[in-house]
Structures are given as C-alpha cells and as structure tokens.
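J.: The structure that follows is given in the form of structure tokens.
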Amino acid sequence: MKKNNKAYYLRSEEMIESLKDIEQIVVANRGGMPIHINDVGEVRFGAPKRFGAMAIAKSAGAEVQRPLATVVIGGLLVSTFMSLIIIPLFYHTVAVLPVAKRKIARNKWINK
C-alpha cells in the first residue's frame, strides 16, 4: 500500500491465493462496520522499486527489510547473469556439438 510517498508491504501468516484474499483483509472496525484493505487503498501485484534503499537502510524495521532486499537483489543479479551469459553459452554448445561431431567423423573417414 502506498500512502504519503511511503510503501507498505503486507506479510501474512495465512494462505493468500489471490488479490481478492488480500482485498478482504479487515484492517479496522468503525461503528461495527469492517474496513477492508480495498476500502483504504489499491491492491495489486508489483515489484517494489526501492530494494537498493531497503538493502542499506538503518532505520527502525531495517532488520526485517534488509534480508528481503538482499535476497531479491541477489536473485535479480543471478537471473540476469544466467539469462545473458550461461543460457546462451549452453545453447551455443548444444547447437555446435552435432556439427563438430560430424566434421570429426568426416575427417576420420577421409584420412583413412
């Protein structure tokens, strides 16, 4: 949830299967009427944008934010490395290997 240029992230001990489950969480009770999250703000899936700031934060609650930010940043770096370097190298190796085997076999047959 975003309010006054601050983002609030929801952590739940219960099973959440969809956005509807999050929207129906009661955050307050006024005059016997439950106030749901969707009454207060917009609920949607999205990637938090300030993981760099979270990773170096030293303010109150940083001990909870810092490990999450570190894991997400590490995951982004590893997935980028894999998709830009490792997977293309593997694909190239697999694509070139049959051609190299045929050339070696042809050379052995010609040289006999």
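J.: Between a first residue in the range 14-30 that is at negative phi and a second residue that is part of a strand (DSSP E or B) and loosely packed, with under 10 Cβ neighbours inside 10 Å, which pairs have beta carbons less than 8 Å apart while being 6 or more apart in sequence or on different chains?
T.: As it stands, the answer is none, since no pair meets every condition given.
J.: When THR80 is evaluated against the numbered criteria (1) at pLDDT below 85; (2) in a helix (DSSP H, G or I), which criterion, by number, is the only one it fails?
T.: With (1) at pLDDT below 85; (2) in a helix (DSSP H, G or I) applied to THR80, the lone miss is (1).
The values are calculated or read from the model by the stated rules, or taken from the named source; none is laboratory data. These numbers were taken from a predicted model, which means no experiment stands behind them. Methodologically, a virtual Cβ is constructed for each residue, glycine included, from the backbone with ideal geometry; neighbour enumeration extends over all protein chains shown.
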